[in-house]
Structure formats: C-alpha cells, structure tokens
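The values are calculated or read from the model by the stated rules, or taken from the named source; none is laboratory data. Model, not experiment: these values are computed from the prediction. All Cβ positions, even for glycine, are placed from backbone atoms using ideal geometry, and neighbour counts span all protein chains on display. These accessible areas exclude ligands, DNA and RNA; they are computed on the full protein's heavy atoms, side chains included. Shrake-Rupley method; radii C 1.70, N 1.55, O 1.52, S 1.80 Å.
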Amino acid sequence: MRQRGARPWRRSSALLVAAAVVLAACGGNEGGGAGPGGKEVSIAFVGAKTGDNANLGLNIRDAAKLAIDEENAKGGNVTIRLKEFDTAGESAQANTVKDQFIGDESIVGVVGPAFSGETKALLPAFQEAGLVMISPSATAKDIPGVVPDQTVFHRTLADDVVQATGIADYLANVEKPATVAYVHDNTPYGKPLTEDVQKLATAKGVREFGKIEVVDPKAQDFSATVNKVKDAALIFYGGYYAEAGRFKKQLADERSKATFLSGDGSLDPGFITSAGGTPAEGARLSCPCNLALESSQGELKAFYDNYKQKIGREPGLYSPEGYDSAKILIQAIKAGNDTRPKLLQYVENQVGVYQGVSKTIEFEANGNLKSKQFFVFQVKGGKIVPLQTLTIEEQDTGTSSGRQRTTTTSSGASTTTTTGGSTTTTTTGGSTTTTTTGGATTTNPTR
C-alpha cells in the first residue's frame, strides 16, 4: 500500500454542472441504464479512435468495454457505462475534448490516455479535477513529473526507462550487431526512447552508425534517411507502427540487409500491413507489455479467447493492459468507491498487489508500475510471435541501466550468459554445452 499527501480537488462548480447538463445526452458505449433503485456511473476511455495509429487506442477501448460488459452482466445495484473520447492520438485534439470528460461528473475514472504526448497535455486537467486515470500505454519516463506532487496518474506497464534498458541489453548481449543506426519520429515518445537506447547501448559497447536521424512522421517519403542508414547492421526506429512500417518497406526497397528493431509503438499488425507484408519479415518489436496470443497460456489465453469471441477479432497491443486498467477501476467502484474522491483514494492507497491478465500490477508512489518485465517479439510468417522475455531486476533512474537479468525463450534447449550484473538465457532447440571463462558463464546449444 502507498500513501501520498492529499491534493486539492479544485473546480468551478457552475461550469461543471452546466457541462454535465449539456453532456447528459452525449453518447458513449451503450452500457444500459441502472435498474430500479440502482446507480449508474461512468468510466471514460480517452485515446485515439481515429488517425494513423488508431489501432492502439481501439485495442484499449475494446478491452475496457469487455471488462465493463462482463461486470454489468453480473447484475447489482451499480451499472457502469463506458464513455469514449477520441483524441486521434494528438495533444491538440485531446485538449479540445478534455472539457467534455472533465466536466461530466458521472465519469469517476479514466482508462487512458493512450499516448504519452496527450497524457502530458491532459495531466494538469486531471489533477485539477481529482479525476484518477490509469494509462495502459503511455510510457514516457517523465510523465509523473509533469505536475509536481500529482496523485492522479497511474499506468499498467513499465515506462521507457525499462524499455530502453531492455533494448540496450538486448542489443549488447543478444543481437550483438557490428553497428546500429538510430532513427526516431521526433514525438514525445519516439525521441526520448531512441536517445536513451543510444546512450545505454553505446555505454555497453555497441557501435553507432553515424548520428541519430530524425524523420517527419507525416511524410510519405523517407528515402533521404533510408539512404543514410541502410548499410548499418541493425536499425532501431523509435516511433509508431504506421510510419515504422513505411520506413521498413522503403529499407527493403533499397535492399537493405539491416535487422530492424523498434519499440512498443510499432508492436501492432498494422506495422506488417504498412510495410507491405513480406518486407516486415524478421523485424524485432519490443515492449514492456505482453501480447495475448493464440499460443498464450493460463489467464492470458483465457483473455485471448474471451476477447476474440466477444469483440470479434484478436486482442492487440495494450489489450491486456486496457482490460486490467478497467478491472482495477471496476473493482473499486463495486466496492462503493463510486465518486471521484473515493475512487482516487482507492487507486492511490488500496489497490495493493493486483493479479491482472497482463502481469502482476503494483503501483509505485508516483503512479509507475513496479513490474520490470520486458518482451521482444518478431515478425514471422506474417504474424507477430514471441522471441525473448527480459526481466530488469535492478535499475537506476534516468538513462542508467543498473543491473539486469535477461531471460530469452524460444523452444528446446537454452543458452545462458552471465556478464557483470546481466544474465541472458536463450532457448533455441537442441542440447547444451557449458563453458566458463573468467567472470562469464556461457551455455551454448549443440546439435
């Protein structure tokens, strides 16, 4: 349990009441009205439903809807409604719709925002209104500090410090490329992630291929940048799936043999579509989140099956985190925390350790997730499939990687490498032999 000092919940009552009256007829998803003598409260989804990267928002929206529909089907005196607010993934549009969900006092909690930039833009308004939010996907490391001593921000996946640390370790200990070129889209997500990966990987001895390159995500032609980086052994791209896919396709058009690696913003089937199918093959995509796949097991597989049956398609990136974020809010509401102050107090101090379908969830004092798991996937046979799982055991703040333990699993036998504070285990098939040299122990598969 964590305690933080209570923050003032300031608002203009007249404005909020007026806004609530105007919004009474506004729609979200149909949740059904409360039964006789019952109460209806709302959870908002705030994120992209339109725009180039709308898939990321829709995955979250649909998972939240599934969680709410499941709960309402149980009956009871409280009916929960999902109200949706489209930001298109843009800070400017997020600011144009914020008064709608801030002013609607039936909304007691928010799943989202989905993107880091819009989260930073909206956080002051969330704090002013005392409206608790749980983001399944906003990973920028500096979000908790946007509003000093804020209490409303929470997220159900690890931030970009964990992701950058995991990617750098993966580069240094698993891929071991001769050179790495770094490219980003200059967004509040892609730019700092790429810069941190570059700093951490360089500190681990990974050689750079020229300076960091920047692309305009609204451009269609990336040829100038492609020609600068195509001869690197590996290219890391920091940005979102639509542009990452176009960039990968243009690399393939130039017959680049570079391994392509990108972060969680690219971990979507839309990356494969944008790349034109075959050019996406072999790409590595990483995330501090796990995917619910047909091959998943346990609760994650049960979620996959239920989501596919009820929503009509497979869950995608952030679907498990979106479901868990909604379930935490639902659990609190059903326990009687059906006002903004009560729900905020619950999420701040009473969640404790929540066993979600995505992972074990426990919030730090600033709203960050304590879990340090990190996953690498690859595109194989036109699908995104698991490749590696990494656990960051210890890390410092900022861009310091700290000590790490990395576990990599595929199938069959295993390879274990321990160097300094980092351990890497790779499973690929076949039997194993073990060699110890100095401070490093390596177990390699033999066939």
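Quick look at the values:
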quantity: Some residue of segment 106-121 being over 20 Å from TYR189 (Cβ atoms) and among the charged types (D, E, K, R); calculated: no
quantity: Selected residue [open to solvent by less than 70 Å² (accessible area, probe 1.4 Å), modelled with pLDDT of 90 or more and either part of a loop (DSSP other than H, G, I, E, B) or not charged (D, E, K, R) (or both)] from ALA92, ALA19, ALA88; calculated: ALA88
quantity: Matching residues in segment 140-158 - criterion: being surrounded by fewer than 23 Cβ atoms within 10 Å (Cβ to Cβ) and charged (D, E, K, R); calculated: LYS141, ASP142, ASP149
quantity: Residue count for segment 366-400, restricted to those that are modelled with pLDDT of 95 or more and not in a strand (DSSP E or B); calculated: 5
quantity: Any hit, segment 304-323, residues being buried (at least 17 other Cβ atoms within 10 Å of the Cβ), of a type in the set (D, E, K, R) and closer than 30 Å to GLY130 by Cα; calculated: yes
quantity: Residue within segment 127-139 that is under 25 Å from ASN186 (Cα atoms) and open to solvent by 50 Å² or more (accessible area, probe 1.4 Å) present; calculated: no
quantity: Candidate set: segment 261-291, residues that are touching a Pro at 6+ places or on another chain (Cβ under 8 Å) and open to solvent by 10 Å² or more (accessible area, probe 1.4 Å); chosen: the one modelled with the highest pLDDT; calculated: LEU291
quantity: Out of PHE209, PHE222, PHE247, sole residue that is out of contact with any His (no Cβ under 6 Å at 6 or more places or on another chain), within 14 Å of ALA181 (Cα to Cα), of a type in the set (Phe, Trp, Tyr) and surrounded by fewer than 24 Cβ atoms within 10 Å (Cβ to Cβ); calculated: PHE209
quantity: Hey, GLU294 at pLDDT below 95, of a type outside the set (A, V, I, L, M) and closer than 13 Å to LYS383 by Cα or not; calculated: yes
quantity: Counted residues, segment 225-244 - those being surrounded by 20 or more Cβ atoms within 10 Å (Cβ to Cβ), more than 17 Å from the chain's Cα centre (by Cα) and among the hydrophobic types (A, V, I, L, M, F, W, C); calculated: 6
